[in-house]
1. Filter the range A:21-78 down to residues that are at negative phi and touching a helix residue (DSSP H, G or I) at 6+ places or on another chain (Cβ under 6 Å), then give me how many there are.
2. Quick one: in the range A:72-104, of everything that is of a type outside the set (A, V, I, L, M, F, W, C), closer than 12 Å to A:Leu32 by Cβ and away from chain B (no Cβ under 14 Å), which residue is surrounded by the fewest Cβ atoms within 10 Å (Cβ to Cβ)?
3. For the range B:5-41, which positions are open to solvent by 20 Å² or more (accessible area, probe 1.4 Å) and among the hydrophobic types (A, V, I, L, M, F, W, C)?
4. Residues that are facing chain B (nearest Cβ under 9 Å): find the strands (runs of 3 or more DSSP E) completely inside the range A:11-61 holding 1 or more of those.
5. Residue check: is A:Gly3 more than 9 Å from chain B (Cβ to nearest Cβ) and in contact (Cβ under 8 Å) with a residue 12 or more places away in the chain?
6. Taking the condition of being open to solvent by 10 Å² or more (accessible area, probe 1.4 Å) and either over 23 Å from A:Ala93 (Cβ atoms) or more than 10 Å from chain A (Cβ to nearest Cβ) (or both), how many residues in the range B:70-92 meet it?
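The values are calculated or read from the model by the stated rules, or taken from the named source; none is laboratory data. This is a predicted model, so every value here is computed, not measured. In this analysis, Cβ positions are derived from the backbone assuming ideal geometry, glycine residues included, and neighbour counts consider all displayed protein chains. In case anyone asks, the SASA skips ligands and DNA or RNA and just uses the protein heavy atoms, side chains included. Shrake-Rupley method; radii C 1.70, N 1.55, O 1.52, S 1.80 Å.
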Amino acid sequence: EAGVTQFPSHSVIEKGQTVTLRCDPISGHDNLYWYRRVMGKEIKFLLHFVKESKQDESGMPNNRFLAERTGGTYSTLKVQPAELEDSGVYFCASSQDQSGKREKLFFGSGTQLSVL
Amino acid sequence: GQNIDQPTEMTATEGAIVQINCTYQTSGFNGLFWYQQHAGEAPTFLSYNVLDGLEEKGRFSSFLSRSKGYSYLLLKELQMKDSASYLCAVRRGGATNKLIFGTGTLLAVQP
């Protein structure tokens, strides 16, 4: 079974440019999460999709970040325009079911974003 | 506010036992997770505790005390491949079930 896949694995862009990150969750997983780790800091929640709906986007830094999940399958996270402080590793995670008490997240390997 | 504390780094010897502690203060609690992350790879699930006590799974065990806001991950019979970052994360519960992470503990296993 394929795990959570993210593309690209690395992205280097200049300040002011646009970057789009993609996440393919495990097939059948309704829940999709985006997290971010800035260097030296902890992994922080960005937002949560249930199928195609945004369940919680309280962690999104500002309106330069736009996440979509059309059709409830893969998700994209667009940063436009990128700023220096957006650099970090962006993780995607998915899970099957929130009702189960032992629901665990499966993470992708992340996209390392460097804004110069 | 939300606060999860764990040591930044630890060193242990191959074949030994190591305990990684995690203390937390969060508004809401619906379980505590431990993840292992090797450099450049995805965090992988190790354990989950929601009730007080010890959960054992092979060489790895995890303990939780909700009244003390405390957990630990115990690794036995350490192997070189156990060198990795260990992440403590608390699930707050509610509609989103999002995880609040600590900064992680980088464990170095030496021969």
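1. Total meeting the criteria: 1.
2. By that ranking, first place goes to A:Thr73.
3. Correct list: B:Met10, B:Ala16, B:Ile17, B:Phe29, B:Ala39.
4. Of the strands (runs of 3 or more DSSP E) lying wholly inside the range A:11-61, those with at least 1 residues that are facing chain B (nearest Cβ under 9 Å) span A:31-37, A:43-50, A:53-56.
5. For A:Gly3, the condition - more than 9 Å from chain B (Cβ to nearest Cβ) and in contact (Cβ under 8 Å) with a residue 12 or more places away in the chain - is not met.
6. Adding up the residues that qualify gives 10.
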